[in-house]
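Okay, structure first, notes after.
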Amino acid sequence: MKQSFVCTALVACSNWALGHAAALQADAHNYWLRLCTDCVPRELVHAPGVGFSLSTSSGTAAVRFHNGTIAPVARVVGSLEYQELMFHLADDPPSWPLNPWERLKDELRKAKRRLNKSRGLPATPEVGTLSSMIEALRNETESFLGHNVTSVVVSVPSLPTLRQGHEHIEDVQDAVEYAGLEALRPELEEIQAGFAGYGLGLCKHYVDIEACYRERLDMKMSDVLALSYDRYSLTLSRTLLTTPLRQRVQAHFAGDWSLGRQVLDTDLYWRAHPTEYWGTIGEFIYNKGTYRRPESIDVVLLLGECAADPDFIEVLQDVFRGSGRMTSPYYSHVLSGTASLGGQTNQGRLSANDTLYMAAKGAAEIAKRVQEAPPGCREPEFCRGNREDPEAFLVKQEL
């Protein structure tokens with residue numbers, strides 16, 4: 001009898017806990033289902049989303065159209081000043097001001113920024129360098145679209161000094177503003193933009209706040225490793241992601257500017273010993289990216305113009321062989337040199353164009369969603385007309 005009573009009590013407590021959790025979930029759910037006070041403007045609904053990706057050596061631009069297609073626009077090779085800036089930004093961030101003298105210097109720095117901005121000048125020399133890149137990408141995009149670009153989502157490398165709260169993330173924000181653009185959301189790190197570019201962690205029904213909420217409940221957190229490989233450097237970042245918009249932990253970053261693909265052509269030693277070069281790359285990824293535990297990685301993102309190189313893919317296969325992950329559908333796509341792009345499997349091999357523009361495409365996808373989706377609320381029924389096909393809308397108006 002006593003045992004029966006205990007079991008009954010446990011069942012009752014369990015049911016109460018489940019019911020309480022469901023009630024809390026319902027409360028949160030209802031909070032996100034509040035009605036919007038206005039409609040998303042029709043021009044924003046149908047406008048293309050523009051994404052820029054700043055890498056350590058260049059910048060890329062992409063556009064996401066209302067019909068769902070994403071087009072690469074242009075690549076702009078960074079100036080010497082730009083590449084040197086990115087190299088220095090890879091250093092560890094400065095410590096927070098702790099003593100009165102450091103606080104005073106920080107206040108003077110902020111005052112100088114404000115003064116320069118009030119004079120119509122770049123807030124810092126770094127802002128001038130970054131804004132030149134962003135302006136070049138804007139000009140290329142405007143030429144591609146045939147009209148002005150006013151807003152953008154920008155992705156940046158996962159460099160320690162380009163994280164929220166540090167001085168140089170202000171430089172990126174001010175550079176976007178100085179280039180005459182509005183940032184639709186805070187800067188994405190390259191790993192987040194790449195995650196979106198590969199079509200991962202995205203709501204299918206992103207305009208429907210209720211449907212998107214339910215989709216996110218079923219999304220699983222992934223341990224993500226992003227590898228950015230170009231002619232000038234090899235960098236990697238690693239973090240936990242469920243959606244592209246939020247990191248669970250601060251991304252780990254590592255980079256080596258002596259392992260860029262061009263050294264096979266310019267460095268006499270590496271040119272004579274290519275096998276050793278690729279072995280060094282494998283060791284870098286194994287030690288710095290997987291922490292010698294490749295089986296712990298759920299998703300690998302290939303980014304940068306050289307990431308689709310067959311020799312690089314072979315190195316990755318060697319790193320992850322035996323981890324048990326090679327049987328995963330996602331790994332079989334990426335590590336065999338094919339990819340699932342935007343939810344559609346690309347049966348051909350990954351090209352340099354695919355990996356070069358992947359982060360920019362992800363930023364463009366996020367830009368389109370930010371523009372088009374209601375801001376954390378559900379649109380009233382009378383807003384539906386704004387979302388109809390433009391041609392169908394014109395026919396209705398004529399009738």
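Below is a table of values for the structure above.
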read-out: For segment 116-167: Kirkwood Rh in Å [reciprocal of mean 1/r, alpha carbons]; value: 13.0
read-out: Length added when fully stretched, A183-E135, from 0.36 nm per residue minus Cα-Cα; value: 15.9 nm
read-out: Efficiency of FRET from Cβ geometry, R34 and S118, R₀ 35 Å, rounded to 0.05; value: 0.35
read-out: Length gained when the stretch L104-T275 is fully extended (0.36 nm per residue, less Cα-Cα span); value: 56.3 nm
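The numbers here are math on the coordinates, done by the rules we state, and not lab data. Note that this is a predicted model, so its numbers are computed, not measured. Every residue, glycine as well, gets a Cβ built from its backbone with ideal geometry; the counts of neighbours run over all protein chains shown.
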